[in-house]
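J.: Below is the structure I would like to discuss, written out as structure tokens.
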Amino acid sequence: MKANVMFFWAILLALPSLGQYVPPEKREKEKKEPIEEKKEPNARSRQNPSDELSEQTFWQRLTFSPGIGLSFGNPTWINLYPAVGYRTTEKLTLGAGLNYQYLSGRYDIFNSTTQAFERIRYSESFYGGRIFGQYFVIPQVFGWLEVEGMNGNFLNRESGLIERQWVYSPLIGAGYMQSFGRSGRGFFIMILYNLNYNQDESLYNSPWVPRVGFNF
């Protein structure tokens, strides 16, 4: 009876080692084939594939900026400059847009004949377009290059008269974008410098042109 009990305990103690038994041929195979480590997916691989620029369609790469500026009073000023951009790379966006500006106001001039002031009203429309390039130096800071063409009544340097003509302005500057959603979309603020500024041939009071808006 005692011998049977000892044999029973011997079997119980041997069971764990039997469960770990590996045939010789399998042990040799494991030595030759290194165990592959499971790699933790990085942040990029965990993203939605549609967030990868290479996976986006033509329409998903487009960005839109409504571009609206309003000021009421004397003068009243309305500025519409919508634009569309295309993200060619993760950092570079190329695009084009339209410009329209409307000015309306009044001012008083002295009439020497009547010896009184007369109120003059005026209104003016300017229209044109622009092409631009935007390059992100770091995720939220970008450089900006633009060529703008506007048609309106400007001083003609040759004739000395106010005539309706085209005036072209190369603009260069930088800006900051607070992104939301996909890259290239968000709230932005920028400051541009007009390399061809002339007070008689410009819609701006200064060579510095600030802009605020958003892309979606």
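The values are calculated or read from the model by the stated rules, or taken from the named source; none is laboratory data. The shown structure was predicted, so the numbers you read here are calculated from the model rather than taken from an experiment. Every residue, glycine among them, receives a Cβ derived from its backbone with ideal geometry; neighbour counts consider all protein chains shown.
J.: I'm trying to understand the selection: among the residues of segment 136-178, which are more than 17 Å from TYR197 (Cβ to Cβ), β-branched (Val, Ile, Thr) and under 24 Å from the mean Cα position of the chain (by Cα)?
T.: VAL137, ILE138, VAL141
J.: Kindly check whether there is at least one residue in segment 108-115 that is under 23 Å from PHE187 (Cβ atoms), out of contact with any His (no Cβ under 7 Å at 6 or more places or on another chain) and either surrounded by 12 or more Cβ atoms within 10 Å (Cβ to Cβ) or not small (Gly, Ala, Ser) (or both).
T.: No: segment 108-115 contains no residue that is under 23 Å from PHE187 (Cβ atoms), out of contact with any His (no Cβ under 7 Å at 6 or more places or on another chain) and either surrounded by 12 or more Cβ atoms within 10 Å (Cβ to Cβ) or not small (Gly, Ala, Ser) (or both).
J.: Taking into account only those residues within segment 192-203 that are more than 14 Å from TYR168 (Cβ to Cβ) and loosely packed, with under 14 Cβ neighbours inside 10 Å, which is modelled with the lowest pLDDT?
T.: Checked segment 192-203; the qualifying residue modelled with the lowest pLDDT is ASP200.
J.: Then there's this: Quick one: count up the residues across segment 190-216 that are in contact (Cβ under 8 Å) with a residue 24 or more places away in the chain and outside any loop (DSSP other than H, G, I, E, B).
T.: So the count comes out to 11.
J.: I need the full set of residues from segment 184-205 which are within 20 Å of GLY67 (Cα to Cα) and hydroxyl-bearing (Ser, Thr, Tyr), in order please.
T.: The answer is TYR193, SER202, TYR204.
J.: So which residues in segment 141-169 are surrounded by fewer than 14 Cβ atoms within 10 Å (Cβ to Cβ) and within 27 Å of LEU92 (Cα to Cα)?
T.: Those that are surrounded by fewer than 14 Cβ atoms within 10 Å (Cβ to Cβ) and within 27 Å of LEU92 (Cα to Cα): VAL141, TYR168.
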